[in-house]
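To start, the structure under review is shown below, and the notes come after it.
The values are calculated or read from the model by the stated rules, or taken from the named source; none is laboratory data. Predicted, not measured: the structure shown is a model, and the values here were computed from it. Positions of Cβ are backbone-derived with ideal geometry, glycine not excepted, and every protein chain shown enters the neighbour counts. The protein model used for the area step is the full one, side chains on, heavy atoms only, and it has no ligands, DNA or RNA in it. Shrake-Rupley method; radii C 1.70, N 1.55, O 1.52, S 1.80 Å.
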Amino acid sequence: MAALDPNKEIPQHIAIIMDGNGRWAAARNLPRRDGHRAGAASVEECLMVCGELGVRYLTLYAFSSENWKRPEAEVTALMALLAHFLKEKTPSLMKNNIRLQVIGQLTKLPERNQKQLRDTTEKTKNNDGLTLVVALSYGSREEIVDAARQLMEEARAGAIDPDDLDAETFSRYLYTAALPDPDLLIRTSGECRVSNFLLWQISYAEIVITETLWPDFRREHLVAAIAEYQCRHRRFGGL
Ligand code: FPP
């Protein structure tokens, strides 16, 4: 198993594109929803490992704005899985001092999910260990357009001068306003795409792509990704 270097930093913020649930299920002749269910166990393990290692933020791409195009039965199964996960795991979020935050166009989710997400966010808001950010009905282009629209409205109302706009100001209008940018972006299942995920925020993230399918992603895979991150030389455009 890859070893972490105690003299090198652990990424403060890890973002993960959890991919490969469907292929994992297909390889076992199981329905796709079983792949998603198995993926929930990987979420749990990542939460534990991130907590142990002192990672401050873990952002998971759980449902994209494009995922609404999937068959209704799969969307329903994913929403039910999310509801089940939160119901079962909220005590463990509290016990492990984990704060839940959610990003995305949440009003598109079923009201039952919205309420549960609001309740769990509220309940965990004073936890100051790991922050788990779940991206739901999330699309980065939509996020950027929403930010631009809000800025234009404020400019029209005279509350902001377009000449004062810079990257720092713009980022405060994104769903992630309160979060630092990810240091490490992991994508499972070998696909080399960013799929409309945190396009603005990953400008300087290190990207690690693993062949492992998400339901098989365990402690050793996360540690290996962090070890690879520790070997990278981040220059942020400088020398
Ligand atoms: C991508 O695999 C995965 C998703 C669209 C859903 C991810 C959701 C979970 C892991 C459920 C648990 C999450 C939480 C936060 C409780 P895919 O279906 O696109 O796989 P494929 O590319 O192999 O078809």
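Fully extending the segment from ASN97 to LYS69 would add 6.6 nm, taking 0.36 nm per residue of separation and subtracting the current Cα-Cα distance. Roughly what percent of Cα-Cα pairs across the range 1-46 reach past 13 Å? That fraction is 66 percent. With distances taken between every two different alpha-carbon atoms, the chain has a Kirkwood hydrodynamic radius of 18.8 Å. If every alpha-carbon in the range 102-238 counts as one equal scatterer, what log10 I(q)/I(0) does Debye give at q = 0.20 1/Å? These q points yield log10 I(q)/I(0) values of -1.36. Contact order for the chain, expressed relative to its length and based on alpha carbon pairs under 8 Å spaced 6+ residues apart, stands at 31 percent. If you take the Cα centroid of the range 130-159 and the Cα centroid of the range 1-68, the two points sit 25 Å apart.
How far apart, in nm, are the 7 Å Cα→Cβ label points at ALA159 and ASP146? Placing both labels 7 Å along Cα→Cβ, they lie 1.6 nm apart.
Dividing the helix sum by the residues of the chain, where each DSSP H run of 4 or more adds -39500 (n - 2.57), gives a mean residue ellipticity at 222 nm of -13500 deg cm²/dmol. Computed over the chain with a Gaussian network model linking Cα atoms closer than 10 Å, the most mobile of LEU174, LEU78, LEU100 is LEU78.
What net charge is computed for the residues neighbouring ALA2, neighbours being all others with C-beta under 9 Å from the C-beta of ALA2, Lys and Arg scored +1, Asp and Glu -1? With Lys, Arg at +1 and Asp, Glu at -1, the net is -2. Share of carbon and sulfur in the accessible area of the range 103-196 stands at 50%, probe radius 1.4 Å.
Taking 17 Å as the cut-off, the amide N atoms of the range 25-61 that come nearer than this to a point 7 Å along the Cα-to-beta-carbon line of MET79 belong to 33. For the range 34-133, the per residue solvent-accessible surface stands at 50 Å², with DNA, RNA and ligands left out and a 1.4 Å probe. Taking every Cα-Cα distance in the range 190-239 and sorting them into 10 Å bins starting at zero, the pair-distance distribution P(r) comes out as 20, 46, 30, 3 percent.
What FRET efficiency comes out for the pair VAL223/GLU191, r = Cβ-Cβ distance, R0 = 25 Å, nearest 0.05? Display every interim value, and only then the final one.
Details: r = 22 Å, r/R0 = 0.86.
Efficiency, rounded to the nearest 0.05: 0.70.
With no solvent and one point per C-alpha, what does the Debye sum give as log10 I(q)/I(0) for the range 56-143 at q = 0.13, 0.23, 0.25 Å⁻¹? Values returned for q = 0.13, 0.23, 0.25 Å⁻¹ are -0.41, -1.19, -1.34.
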